[in-house]
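Before any comments, here is the structure.
Laboratory data are not the source of any read-out in this text; all were calculated from the coordinates shown. Computed from a prediction, not measured in an experiment: that's the story for all the values here. Note: ideal-geometry Cβ built from the backbone for every residue, glycine included; neighbour counts use all protein chains shown.
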Amino acid sequence: MTTMTKPGEFAEDAAPAASDAFLSVRDLYVRFSTEDGIVKAVDGLSFDLERGRTLGIVGESGSGKSVTNLTVLGLHNPATTEVAGEILLDGQELTGASNRTLEKLRGDKVAMIFQDSLTALSPYYTVGRQIAEPYVKHRGVSKREGRERAIEMLEKVGIPQPRMRVDDYPHQFSGGMRQRAMIAMALVCNPDLLIADEPTTALDVTVQAQILDLLKDLQQEFGSAIILITHDLGVVSNVADDLLVMYAGRAVERGSVRELIREPQHPYTWGLLGSMPRLMSDVTEPLTPIPGAPPSLLSPPPGCAFHPRCGFTDLVGGGRCATERPELPDGRGSACHLTGEQKRSVFIETIQPRLG
Amino acid sequence: MLRFLVRRTLGAVVILLFISAFTFFLFFAIPHDPALLSCGKNCTPDNLRTIHHNLGLDHPVPVQYYHYMVRIFTGHRFSTGNCPAPCFGYSFANSEPVWPTLMDRLPTTLSLALGAMVVFLLFGLGTGMLAAWKRGTTVDKVFSSASLVLSSMQIYFVGPIVLALLVYNNHILDQPKYVPFTDNPLSWFNGLLIPWCVLSILFTANYTRMSRSTMIEQLQEEHVRTARAKGMSSAYVFFRYAWRGSLIPIVTILGIDLGSLLGGAMITEYTFQLAGLGRLAIDSVTKTDLPMLMGVMLFSAALIVLFNILVDAAYAFIDPRVRLS
């Protein structure tokens, strides 16, 4: 359980101290220097994650979801990126850790699944070899044992005839199979933390569901913590335990999946829910997209970064939305100037009927 | 793979036919009578007519071309002697048979081109990859700017300077010359050292820039990032994942370069007085020596086409995606 639960709701495992979490990110700032200026890709982000739990990180493109997780693995370009804050993995500080230290963690304790398995797997080496590599490196086993392990992993992720397919190249696999192979590659060393960056975006819907089920099953088997990055609330609500909604490099709302889906508090989350098609709703009813575009992270809007696209700034009054940045409270909550009462009434009266 | 090779070979034949026809007809577009060369100073119209007949120049040009092409495969008995296939005829200028002359010149050009290739690949790829590895550092900047300067150095400029410095003024090395490898490997090496290095300067610079840029491009590939995310060391990622992909553009250019180098490094051979194919090509143009010119042209073209096929075959070894399609 993470700090995202309402205190007292689940008394037996309520509110552990932040240091107990397996992964604890505190006040993370990631800045890129580009020719146009400094991009504040992640701007003061904090979250915790425990073993065996799944945290969904949701947001539009450019909200800082992927950057955050690349930073956890130290995969950012050190020449142009400035990282500040704390990333504690099992008590070990990762910001500023040496490349050697990070190399030992990557693929072993922390593994990552990327979005597009066609470009994320090397076209030049067999699937089996690519799966075996981290195992051979981190476990110090022979290439033959690595190959056996690769076959075992391919079987585990549901590739038929793994003994034959292990010597295939990625382009000989279908999209869904490649994504399974990538999952096999990520799980080959039984990582404690698995970061899945849009693992199903490139796949068609039936395969999406299979891949998500697979992730769930494997989590139960290995007890890994998972961070699931997606822009699709539908995907995440099926798999994740907790959610973190990001906007313009900051977390704007967090809570358990149930809380967030039942009673979302932030106008941006409402927007995300409103732009999601529903099976049960009338097909003639149009989706309600969020107006405008995500802000440039070179010069994010002052105050609440979402205020230029928000339809509820009038309720706050005094122009506070444009001047004062709302803070995200610890645990369940949202970074918005609306009062709890306003959020509830707006959601029930305006948003919920629209969602149907 | 077999089907691919057959298809490419057929294509090559078409290309060579086209090149041969083009060269042949282009030659006869020059307002110059090749028979005058053999006729000498006291040339009577009768003599000229006889020579015309002996050289086959009294036929229409398309017929001459047809005869020429057929004789390559069948051989021909000329008045000057028997010419077995592959028969490219006899030189108008000195009556030497063309094919044996080509074979005689080939080892010089081959030694020059392959030796230079070893030098420029070693230094070009080495410095390019080092620059990519140390991207943005002083090393990178020095290599990048040096390669820019060197790639604008022409052989006819660098060659004489090197000769003047190392040979004529300071006697550090001997005048470049070709000694067959089988005669004396050491002399072979010494004789070609200067041409290799001078020829390599331009190429090294180009290969440095190319391998640097393709390596940097490859390092930004997503699969390279995946390899890093798996915990592979930087060196492993660099040499296994990024390098493999960077080979494809390099092999492409290498095929073209090597083909044209083998066809005759004209300027280099001229600068260093080496009797290779390039030298032969220049001489036969100035002497309007059609059979020799045709021979050199076709031979060079065949080499360039051959190396392009080899490049395509090499793709299959580098990239498994090519292997199956």
### Task
Would you look at the GNM of chain A, springs on alpha carbons closer than 10 Å, and say which of A:Asp204, A:Asp43, A:Asp282 moves the most?
A:Asp282
### Task
Averaging sequence separations of C-alpha pairs under 8 Å and six or more residues apart, then dividing by the length of chain B, give the relative contact order as a whole percent.
22 percent
### Task
Write down the radius of gyration of region A:197-236 and its Dmax, each obtained from C-alpha positions, in Å.
10.1, 27
### Task
Scan region B:198-304 for chymotrypsin sites (Phe, Trp or Tyr not before Pro) in coil per DSSP, keeping those whose Cβ has at most 16 other Cβ atoms within 10 Å, and list them by number.
none
### Message
Viscosity 1.002 mPa s, temperature 20 °C: what is the translational diffusion coefficient of region A:104-256 from Stokes-Einstein with a Kirkwood Rh over Cα pairs, rounded to a whole number of µm²/s?
### Response
136 µm²/s
### Task
Work out, in µm²/s and without decimals, the Stokes-Einstein translational diffusion coefficient of region B:2-83 at 25 °C, 0.890 mPa s, Rh from Kirkwood over C-alpha pairs.
163 µm²/s
### DSSP-loop trypsin sites (Lys or Arg not before Pro) across region B:25-84, with at most 10 other Cβ within 10 angstrom
B:Lys41
### Query
Roughly how compact is chain B, stated as its Cα Rg over 2.2 N^0.38 Å to two decimals?
1.22
## Note on the structure
Per-residue ellipticity at 222 nm attributable to helices in chain B (runs of n ≥ 4 DSSP H, -39500 (n - 2.57) apiece, nearest 500 deg cm²/dmol) works out to -23500 deg cm²/dmol
### Summary
P(r) of region B:145-268 over all Cα-Cα pairs, 10 Å bins starting at 0, rounded to whole percent, reads 12, 29, 27, 19, 11, 2
### Message
What does the structure give for B:213-225 when I average, per residue, the other chain Cβ atoms found within 10 Å of the residue Cβ?
### Response
3
### Query
Can you give the angle from 0 to 90° between the axis of helix A:175-187 and the longest principal axis of chain A, with both taken from C-alpha atoms, to the nearest 10?
80 degrees
#### Entry: Whole-angstrom gap from region B:254-310 to region A:139-188, using each part's C-alpha centre
51 Å
### Message
Step by step: find N for region B:2-46, compute 2.2 N^0.38 Å, then divide the Cα radius of gyration by it. What's the final number?
### Response
2.01
### Query
So, by mean Cβ neighbours within 10 angstrom, what's the order for A:327-339, B:286-298 with the highest one leading?
B:286-298, A:327-339
### Task
Find the all-direction average of the projected area of the Cα convex hull for region A:265-355, expressing the result in square nanometres with one decimal place.
6.9 nm²
### Message
Taking beta carbons within 10 Å but only from partner chains, what does the mean come to for residues A:177-188?
### Response
1
### Task
Considering only A:Gly64, A:Gly56, A:Gly274, give the residue with the highest GNM mean-square fluctuation for chain A, with springs between Cα atoms whenever their separation is below 10 Å.
A:Gly274
#### Entry: Pairs from A:Lys137/B:Lys230; A:Lys104/A:Lys137; A:Lys40/B:Lys230; A:Lys109/A:Lys137; A:Lys143/B:Lys230 whose Cα-Cα separation, in the structure shown, is over 19 Å
A:Lys40/B:Lys230
### Task
Grab every C-alpha pair in region A:166-312, bin the distances at 5 angstrom width from 0 up to the longest one, and report whole percents.
2, 8, 15, 17, 17, 15, 11, 9, 5, 1, 0, 0
### Task
Please work out the Cα center distance from region B:144-159 to region B:166-244, rounded to the nearest Å.
15 Å
### Message
If I require 30 Å or longer along the helix axis, counting alpha carbons, and a Kyte-Doolittle average no lower than 0.5, what helices from chain B are left? Use full DSSP H segments.
### Response
B:2-29, B:98-133, B:185-219, B:290-318
### Task
Stick to Cα atoms and the Kirkwood definition of Rh, then tell me Rg/Rh for chain A.
0.98
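Kindly provide the helix-only [θ] at 222 nm of chain A, computed as the sum of -39,500 (n - 2.57) over DSSP H runs of four or more divided by all residues, to the nearest 500 deg cm²/dmol?
My calculation for chain A gives -9000 deg cm²/dmol from helical runs alone.
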#### Entry: Estimated FRET transfer efficiency when R0 is 25 angstrom, pair B:Lys134-A:Asp36 (beta carbons, to 0.05)
0.45
### Message
Taking 8 Å as the Cα distance limit and 6 or more residues as the minimum spacing, I'd like the relative contact order of region A:265-355 as a percentage.
### Response
31 percent
### Message
Suppose we take every Cα in the protein assembly as shown and form the convex hull; what volume per residue is that in Å³?
### Response
238 Å³
### Query
Among the DSSP beta bridges whose two residues both lie in chain A, what percent are antiparallel, rounded to the nearest 5?
60 percent
### Query
Relative contact order for chain A using alpha-carbon pairs under 8 Å, separation at least 6, rounded to a whole percent?
19 percent
### Message
Just want the ordering: A:Cys310, A:Cys304, from fewest to most Cβ atoms lying within 10 Å of their own Cβ.
### Response
A:Cys310, A:Cys304
### Query
By how many nm would the segment from B:Ser234 to B:Gln273 grow when fully extended, if each residue of separation counts as 0.36 nm and the alpha-carbon distance is taken off?
9.3 nm
## Note on the structure
Sorted by number, the cysteines in chain B with no other cysteine beta-carbon under 4.7 Å are B:Cys197
### Query
To the nearest 0.05, what FRET efficiency results for B:Asn184 and B:Leu114 with a Förster distance of 22 Å applied to their C-beta separation?
0.75
### Query
Most exposed first by the Cβ proxy, i.e. fewest other Cβ within 10 Å, how do A:Val252, A:Val83 rank?
A:Val83, A:Val252
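For B:Gln64, what is the net charge nearby, where nearby means another residue's Cβ is under 13 Å from its Cβ and Lys, Arg count +1, Asp, Glu -1?
Around B:Gln64, the surrounding residues sum to 0.
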### Query
Once you put a point 7 Å from the Cα of A:Asp330 and another 7 Å from the Cα of A:Ala97, both along the Cβ direction, what distance in nm separates them?
2.4 nm
#### Entry: Set of aspartates and glutamates near A:Lys343 by C-alpha distance (under 19 Å), chain-local residues within fewer than 8 positions excluded
A:Glu253, A:Glu259, A:Glu263, A:Asp314, A:Glu324, A:Glu327, A:Asp330
